[in-house]
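Every number in this text was worked out from the coordinates using simple rules, so none of it is lab data. Note that the structure is a prediction, hence the values are computed from the model and not measured. For neighbour counting, all protein chains shown are included, and Cβ atoms are generated from backbone atoms with ideal geometry for every residue, glycine included.
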Amino acid sequence: MIKVIPKKGYSEKELDDFFDSFKNQDISWKSGKAFGAVYYPGDEYAQIISKAYVRFLNENAFDPQLFKSLLAMENDIVSQVANLISPEIKLHGNLTSGGTESIFLALLSARDWSKKNRQIENPEVILPSTAHPAFFKALRFLNVKAVIIHVDVLKWDLNSVENEINENTIMLVGSAPAYPYGVIDPISNLSELAVKHNLLLHVDACIGGFFLSYLKKMGTIVPEFNFNLPGVTSLSVDLHKYAYAPKGSSVLLYRNPEQRLSQYSVYSSWQGGIYASTTFMGTKPGGVVASTWTALNHIGDDGYLDLTKSTMISVKKVINYIESNIHLELIANPDMSLIAFKVKDNSTYELADLLNDRGWYLGRLQNPEGIHLVVSAIHSESIVKSFTNDIDDSLAELFSTNFRSSIQHLGDNLLKRMLNLLPYNQLKTTLAKQAKKSNGKPSKKRIIYDVKNQLSESESNNLFRTIMDRFYS
Ligand SMILES: Cc1ncc(COP(=O)(O)O)c(C=O)c1O
């Protein structure tokens, strides 16, 4: 750890050595070990995309009149994405820093537009329990009420959506697809409800917008989720996911340019001069704009089709493996490349921990328990083979009745019991210290989930606030 800025800067060689030692602590994502968080189109594409980033490293896309290059590229990106999503309809949009910002801005403009046009002072948004936490975060920041419809894996109760609509409702939300199960929400039904009740409807296509559009081009039948549905008023698509742009890149699209106007922040009598910004960011990195533009225009339609096809081959291999394994079960039949599965005898989190021990990064679902995989271009057939081999080995270990595994189970149960007996504040400090000590190693998350499930929601949120806090200086 370097706690103060060095008097004399390190040389390039010394910095490289630092990076090597930093990177040694990381997951080996380049060998396809991460099922989520990283999207990589391969070295050839990546090199050209990174060159563009470096070329525009210092330029700032904040002011449209400052760097005409960046403005031209941002407008190209928005048009190209709009044409991919809904070619028949004129749309309006901006490049944002990611899914969370796109969702935040969609809710901000919905709130302010509805205040101006419908005089709604206490706005409410109806959204499914499977919606990404970015919505809950944004609704908290914006002080808009979240009306949550519980979606039990795939069973949507559209009547309960309609029952929740009242004079304060400004917007409905659906995902294409929802992150947990990779299944597209019933967007056409939500669109009908939005039209019937004169509401806005945001489609969160952050993870799916790009991939699903290329699946359609491949001839796969994909349920409608775009602006062809008359109720859809805004839609978010992340480019730092399946468009393989660098991190910090998403597009928010609107049908109605008036709604986009409500997104802008303008302070025309500020003492520092007229200030106007389109998105949440002030300074906007030129590198992201240029490298996103490069990803779209270098990979191109054919490249994206190939990346989508090869990803789907791997998705099908994983799904076939799960379906043919007597211990495993798919939780849902996904519309794209997100896979949710479980161990039939409820030892799903044990399997997830064993896979973490073997170096794999994967997600954990809850209610019901599941393992979550985001499959992307880096997951070649040979990586899938090594993953499924590791599942085989882990399952063998899980179901082994040998002495070592019995001791292990006994140890886990004892530890859980001990933790459950601790008073809440002591539990919090113990787990927070342990999390810091383990240096982010994910091992034995099952115990954390088990302990958390004994707490109330506010205690458990508080616990994770404390744990997270421990990681930062
Ligand atoms: C469906 C969905 N919406 C929103 C987000 C949030 O995106 P970001 O992490 O880019 O802010 C994600 C991220 O995985 C997502 O899958």
Go over the candidates Val237, Val266, Val232, Val289 one by one and state the one that is of a type in the set (A, V, I, L, M) and assigned to a loop (DSSP other than H, G, I, E, B). Val232
If I ask for residues that are touching a Leu at 6+ places or on another chain (Cβ under 8 Å) and either farther than 21 Å from Arg255 by Cβ or within 16 Å of the ligand (Cβ to nearest atom) (or both), which ones from the stretch 219-241 would you list? Val222, Phe225, Asn226, Val232, Ser234, Leu235, Ser236, Val237, Leu239
I want to confirm something. Restricting to the stretch 130-155 and keeping residues that are surrounded by 13 or more Cβ atoms within 10 Å (Cβ to Cβ) and assigned to a loop (DSSP other than H, G, I, E, B), which single residue is nearest to the ligand (Cβ to nearest atom)? His132
Please state which one of Ser269, Ser277, Ser234, Ser262 is of a type outside the set (Lys, Arg) and crowded, with 24+ Cβ neighbours inside 10 Å. Ser234
Do you know which of the residues in the stretch 166-188 that are in a loop (DSSP other than H, G, I, E, B) and within 20 Å of Glu121 (Cα to Cα) is farthest from the ligand (Cβ to nearest atom)? Glu167
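Quick grid of which residues meet (1) within 24 Å of the chain's Cα centre (by Cα); (2) part of a helix (DSSP H, G or I):
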| residue | (1), (2) |
| --- | --- |
| Ile371 | yes, no |
| Ala377 | yes, no |
| Phe387 | yes, yes |
| Leu395 | no, yes |
| Lys416 | no, yes |
| Leu431 | no, yes |
| Arg446 | yes, yes |
Total residues in the stretch 324-366, condition buried (at least 18 other Cβ atoms within 10 Å of the Cβ), part of a loop (DSSP other than H, G, I, E, B) and of a type in the set (Asp, Glu): 1
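One line per residue, one yes/no per condition, for (1) in contact with a helix residue (DSSP H, G or I) (Cβ under 8 Å, 6 or more places away or on another chain); (2) over 18 Å from Gly286 (Cα atoms); (3) hydroxyl-bearing (Ser, Thr, Tyr):
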| position | (1), (2), (3) |
| --- | --- |
| Asp63 | no, no, no |
| Ser86 | no, yes, yes |
| Thr96 | yes, no, yes |
| Trp113 | yes, yes, no |
| Ile126 | yes, yes, no |
| Ser129 | no, yes, yes |
| Pro133 | no, yes, no |
For Lys247, the lone unmet condition from (1) within 16 Å of the ligand (Cβ to nearest atom); (2) crowded, with 24+ Cβ neighbours inside 10 Å is (2)
Hey, Ser102 within 16 Å of the ligand (Cβ to nearest atom), surrounded by 23 or more Cβ atoms within 10 Å (Cβ to Cβ), of a type in the set (Gly, Ala, Ser) and within 15 Å of Thr233 (Cβ to Cβ) or not: yes
Considering the stretch 370-382 alone, what residues qualify as being in contact (Cβ under 8 Å) with a residue 12 or more places away in the chain and surrounded by fewer than 18 Cβ atoms within 10 Å (Cβ to Cβ)? Ser380, Glu381
